[in-house]
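Structure first, commentary second.
Each reported figure results from applying straightforward, stated rules to the coordinates on display, with no laboratory input. This one's a predicted model, so the numbers in the text were calculated from it and none came from an experiment. Glycine also receives a Cβ, built like all others from the backbone with ideal geometry; neighbour counts cover every protein chain displayed.
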Amino acid sequence: MSASYPAWRQRHGPRRRSTTGPSARPAAAPALTADNRQQTGLDGEELAAGHLESLGYEIIARRYRVRVGEIDLVARRQGLLVFIEVKTRRQTRFGAPAESVHRQKQMRITRAAEWFLQRMKTGSSEGPACRFDVIAVTFDADSKATIEHLEDAFRPFS
C-alpha cells in the first residue's frame with residue numbers, strides 16, 4: 001500500500017452508501033457502547049453473586065485477573081472451591097449467554113484457576129476440591145433478569 005489511509009480518503013472522499021434501492025440497509029437499533037456492555041456485565045456479576053450468596057456460597061474473589069486469564073467470581077461452599085464465569089446478555093439474538101463459553105475461554109479460566117490455587121494458602125498438599133460453573137444472566141426488554149446456574153459446566157483440560 002503506497003499511500004496512507006487518510007491520504008487516500010482525502011483524494012477519494014468519504015465512503016458513500018445508498019439510502020434507497022436494493023442495497024440499502026434498514027436502520028439499526030442503537031448499538032451498545034463499550035461502557036454500556038461493561039455495565040451490563042457488572043450488573044450480571046452482581047446478580048450472580050447475590051444468587052450464589054442466597055444459596056449459601058461465600059464469595060471470596062471477584063474479577064480475579066492474572067496475565068493468563070480472568071475469573072469473574074470465586075466462591076466457596078462446604079469445602080468446595082467454585083470458579084464461576086458469568087455471561088450476561090440483553091438479547092439472545094446471537095445465542096444464549098452460556099454458549100459463548102467456548103473451549104478457548106474454558107482454557108483461559110482453567111489457567112487462571114491454576115494461578116489462583118498456587119497463590120492460595122492451603123494446609124493440604126492436594127489442595128481443595130474445585131468445580132467450574134457458568135452463570136448465564138439474561139435481561140428482557142423490561143430489564144428483568146433471568147439467572148441460569150450451570151453447575152460443573154466444564155472440566156479442566158489436561
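In order along the range 49-66, the phi-based Karplus estimate (6.51 cos²θ - 1.76 cosθ + 1.60, θ = phi - 60°) of 3J(HN,Hα) comes to 4, x, 4, 5, 4, 5, 8, x, 7, 9, 7, 10, 7, 10, 6, 6, 10, 9 Hz; Gly and Pro are listed as x. Sequentially through the range 88-94, phi angles give Karplus couplings (6.51, -1.76, 1.60; θ = phi - 60°) of 10, 9, 9, 8, 10, 4, 9 Hz, Gly and Pro residues having no value and appearing as x. For the range 35-139, the list of chymotrypsin sites (Phe, Trp or Tyr not before Pro) that fall in a loop by DSSP and count at most 15 other C-beta atoms within 10 angstrom reads F94. Amide H contacts under 5 Å for T88: V137, restricted to partners 5 or more places along the chain or on a different chain, H placed in the peptide plane at 1.01 Å from N.
Of the GluC sites (Glu not before Pro) in the range 53-145, the ones in a loop by DSSP (not H, G, I, E or B) with at most 12 other beta carbons within 10 Å are E126. Database remark: amide H of A153 closer than 5 angstrom to the amide H of F132, D133, V134 (H placed geometrically; neighbours at sequence offset of 5 or more, or on other chains; Pro and chain starts carry no H). The Kirkwood hydrodynamic radius of the range 32-154, based on inverse pair distances between different Cα atoms, is 15.0 Å.
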